[in-house]
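Worksheet for the structure shown next.
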Amino acid sequence: MSGITEDTLRRVVEEVVNKANDKLLEEVRSLTQEVSKIKAKTDNLEKRIDGVEADVVREMAAVREELKEQQQRVIRMSNLVLMGVPESGEGLKLAVKLMGVIYPTWTGPLIDNRIGVPNKKGPRPLRIPLPSASERAKALRECVKLKEHREFDKISVRRDLTKIQQQEIQLRSPVGTRSAKKRKRQQTGEDNSSKKHMTGIDDMDLGSTQ
């Protein structure tokens, strides 16, 4: 080619190639940055999804536990629990006699349905089902008649409550309230005394039905 030397042509080609390479490298760097941004967003989104999934799992577990609790409350609504009934044939006869006082229409049979595992502390609570919650309420109202019978002095009649119901009642009681306040003071450093000066919710056996 006239007027253009081989060196000039080579330089022109090199410049074109270099510019193309520079542009390509710039585009690659730009794409790499975009990919990094997208990856960061994806990682963040995955973390958020994991967090939401964990929250959902916790919520579902809480709902299942609440459902179990409500089912147990419904099941127990019509039950009476007798505390202090000796675990013997004579004890069951005494329970039958007691039921005749507080629920005269009760015909039995009385099943020795004890709550919990045997222990040396005393007789386990005796669970007695009644036809309905309203019938149980009638029987509980009639418990005032038991004061007229000395043979029932060591027996108490209660509702059949779940552990959570027991805890709720204890926390609402004056003793439970004082115990909760004391624990709070100890946690905040306001009360450094380790000596127990009263019996409260911490001393109660929540495994027994009340």
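Quick rundown of the values:
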quantity: Burial ordering of MET77, MET99, MET60, fewest other beta-carbon atoms within 10 Å first; calculated: MET60, MET77, MET99
quantity: Net lengthening on full extension, ARG10/LYS138 (0.36 nm per residue, minus Cα-Cα); calculated: 35.1 nm
quantity: Solution diffusion estimate, µm²/s, Stokes-Einstein, the stretch 12-138, Kirkwood Rh from C-alpha pairs, 20 °C, viscosity 1.002 mPa s; calculated: 99
quantity: Net charge of Cβ neighbours under 15 Å - reference ALA40; Lys, Arg +1; Asp, Glu -1; calculated: +2
quantity: Amide H within-cut-off set for ASP160, under 5 Å, with H built and near neighbours excluded; calculated: ASN79, VAL81
quantity: All-pairs alpha carbon distance profile, the stretch 1-76, 10 Å steps from 0, percent; calculated: 15, 16, 14, 12, 11, 10, 8, 6, 4, 3, 1
quantity: Computed E for LYS120/VAL57 - FRET, C-beta separation, R0 41 angstrom, nearest 0.05; calculated: 0.45
quantity: Simple spin-label estimate for ASN44 and LYS19 in nanometres, 7 Å along Cα-Cβ; calculated: 3.9
quantity: Listed residue pairs exceeding 25 Å between alpha carbons, taken from LYS120/LYS163; LYS97/LYS154; LYS19/LYS39; calculated: LYS19/LYS39
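Every number in this text was worked out from the coordinates using simple rules, so none of it is lab data. Just so it is clear, the model here is predicted, and its values are computed rather than measured. With ideal geometry, Cβ positions are generated from the backbone for all residues, glycine too; neighbour counts draw on all protein chains shown.
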